[in-house]
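See structure below.
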Amino acid sequence: MSELLTITLQIISETSVFPFQNCITEINKAKLGLAEFHPAPVLQSAPAPAAPEPLGALHLRETLGRINAKIAAERRRQPVLLEVKPALLDALALKLPESDPKILRSGKIAYTVSLVCSGEDAAWRMRWLAALLRIICKEVNGVVFDPITERVFTTETLAHSLQGDITGFIVIVSQPDGPETVRVYTKGLRLFAQPEIEIVKAPASLQPEAAAVIHSAAAALAEGNPFAGYTLSSGVIIDCGDIGSYQAEIARDTSPDGARMYMLTALHALQLSASERTAAEEFAITQNLAHTAVILAQKAFEAGSPDGALAICDRVLAADALNAEALSLKAGIFIKINHPLEALEIGQALIARSAARFIGYFITGQAFAALGRFTEADRALTQAIRLNPDNAESYRARAQVYQSMGMSAQAAADTARVHSLLNS
């Protein structure tokens, strides 16, 4: 194991003794490796009043030697998480079921789980860790506290990681980053031998999309093998599937605990001078997140939720009032749910705001067509084509209008133009 990663977690319990033999039996059943118990040495003198009392340690070596683990138990004189901020402790306890909040607040038995392991195959390693933590937690009736992510895991939440969802070890945090912007970042990628990532100055209305991008990027990094070349560094492109690709750069600042973070930036507008770059990056991030939101809105509509889709479009328009994708989709949804007058209102408002942009005429033409006002639809779509002659959808819409007007030759010509544009 030339490249090593150290992970330290804490299990908190109220159990008075360390049921090590039961733990060893369950570890053997799960085939996690070879375990042996080392009892605490006998103290030659009485411990200091505030000193913890060692209970012993369980040492575990994974079958192929990829992980060496140690679970050291000690009895504290005060609750284990006594120094954790009360507000954080309240927030953590609120999410826990049944008796777990009491264990978290008052448990005085600490099981410190330390792993020294290969950085390879993070997905397998974290599932192995989840299996080990679940066994110990069940035997000692405890909960896991991760100081990196400031998160608590129970036997139930650990079961999800055993089923393959290793992103449960990663927390996505959002916080204000300006009057109308947010910063979205990860806690926990270091468990996967990866640096943390963030998006800064994202529009507050698009916070869900920023979180979706960060989650997708974090999942890709967590599944990667950092010691086989897939490690985050400046210039690395992270493919987030249909919600876009982002480029990683060293962040201008670091996380509160001093760990290096990487900022995800949109792929365009990155060749500008330093003085122009910040505003351009923010605009590019807005455009990328807006595109992500429109994709999600389209999926929501296709899933039978027009109201949900319209709400997403409105969040995009709160960040970018003239976003063509969101306006077009919103108008299209209005037309499909038989509200063409609302679509017409969008189109005409856009024309009044910017008569040089094709999108207003395109939406207006579609709305007129839905209302059966084909002459006005032809006029609006023709103007849209004049302003943007390479948009296939304008020709497609006008072809349908011509077909409704009985102008088959003109409809055929526009349909041929659609095929030409799509295949060029």
Only listed residue being modelled with pLDDT of 90 or more and of a type in the set (Val, Ile, Thr), chosen from 182, 213: 182
query: Which residue, of 249, 198, is part of a strand (DSSP E or B), among the charged types (D, E, K, R), modelled with pLDDT under 80 and closer than 24 Å to residue 293 by Cβ?
result: 249
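Could you pull out the residue among 104, 129 that is out of contact with any helix residue (DSSP H, G or I) (no Cβ under 6 Å at 6 or more places or on another chain), surrounded by 20 or more Cβ atoms within 10 Å (Cβ to Cβ) and not in a loop (DSSP other than H, G, I, E, B)?
129
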message: Considering only residues that are out of contact with any strand residue (DSSP E or B) (no Cβ under 6 Å at 6 or more places or on another chain) and β-branched (Val, Ile, Thr), which ones fall in the range 36-93?
response: 42, 63, 84
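Which residues, counting only those in the range 294-310, are outside any helix (DSSP H, G or I) and among the basic types (Lys, Arg)?
none
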message: Please count how many residues of the range 408-424 are crowded, with 17+ Cβ neighbours inside 10 Å and not polar (S, T, N, Q).
response: 4
- prompt: Of all residues in the range 132-151, how many are within 27 Å of the chain's Cα centre (by Cα) and outside any helix (DSSP H, G or I)?
  reply: 9
task: Could you grab me the full set of residues in the range 159-171 that are surrounded by 17 or more Cβ atoms within 10 Å (Cβ to Cβ) and either at pLDDT 85 or above or within 29 Å of residue 203 (Cα to Cα) (or both)?
output: 166, 167, 168, 169, 170, 171
- prompt: List the pairs whose first member sits in the range 153-174 and is assigned to a helix (DSSP H, G or I), whose second member is modelled with pLDDT under 75 and crowded, with 17+ Cβ neighbours inside 10 Å, and whose Cβ atoms are under 7 Å apart, counting only residues at least 6 apart or on separate chains?
  reply: 168/161; 169/161
- prompt: Being closer than 29 Å to residue 189 by Cβ, among the hydrophobic types (A, V, I, L, M, F, W, C) and buried (at least 18 other Cβ atoms within 10 Å of the Cβ), is that true of even one residue in the range 45-56?
  reply: no
message: If I filter the range 308-317 for residues that are surrounded by fewer than 21 Cβ atoms within 10 Å (Cβ to Cβ) and at pLDDT below 85, do I get at least one hit?
response: no
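So is residue 205 modelled with pLDDT of 90 or more, of a type in the set (S, T, N, Q) and not in a helix (DSSP H, G or I) or not?
Numbers: modelled with pLDDT of 90 or more: yes; of a type in the set (S, T, N, Q): yes; not in a helix (DSSP H, G or I): no.
For residue 205, the condition - modelled with pLDDT of 90 or more, of a type in the set (S, T, N, Q) and not in a helix (DSSP H, G or I) - is not met.
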query: Which residues, counting only those in the range 369-411, are assigned to a helix (DSSP H, G or I) and on the phi > 0 side of the Ramachandran plot?
result: none
query: How about the range 87-101: which of its residues are touching a residue at least 12 places away in the same chain (Cβ under 8 Å), more than 24 Å from residue 55 (Cα to Cα) and in a helix (DSSP H, G or I)?
result: 88, 89, 92, 93
message: Looking at the range 49-69, can you tell me whether even one residue there is within 35 Å of the chain's Cα centre (by Cα), among the aliphatic types (A, V, I, L, M) and at pLDDT below 90?
response: yes
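Yes/no matrix, rows are residues, columns are (1) at pLDDT below 55; (2) within 22 Å of residue 168 (Cβ to Cβ); (3) not in a helix (DSSP H, G or I):
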{"site": "232", "(1), (2), (3)": "no, yes, yes"}
{"site": "242", "(1), (2), (3)": "no, no, no"}
{"site": "257", "(1), (2), (3)": "yes, yes, yes"}
{"site": "263", "(1), (2), (3)": "no, no, yes"}
{"site": "269", "(1), (2), (3)": "yes, no, yes"}
{"site": "281", "(1), (2), (3)": "no, no, no"}
{"site": "286", "(1), (2), (3)": "no, no, no"}
{"site": "289", "(1), (2), (3)": "no, no, no"}
{"site": "292", "(1), (2), (3)": "no, no, no"}
query: In the range 117-126, what residues are part of a helix (DSSP H, G or I) and out of contact with any helix residue (DSSP H, G or I) (no Cβ under 6 Å at 6 or more places or on another chain)?
result: 124, 125
- request: Give the residues of the range 320-342 that are over 33 Å from the mean Cα position of the chain (by Cα) and either charged (D, E, K, R) or surrounded by 20 or more Cβ atoms within 10 Å (Cβ to Cβ) (or both), sorted by residue number.
  value: 340, 342
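The values are calculated or read from the model by the stated rules, or taken from the named source; none is laboratory data. As the structure is a prediction and not an experimental result, all values here were calculated from the model. Cβ coordinates were reconstructed from backbone atoms using ideal geometry, including for glycine residues, and neighbour counts include every protein chain displayed.
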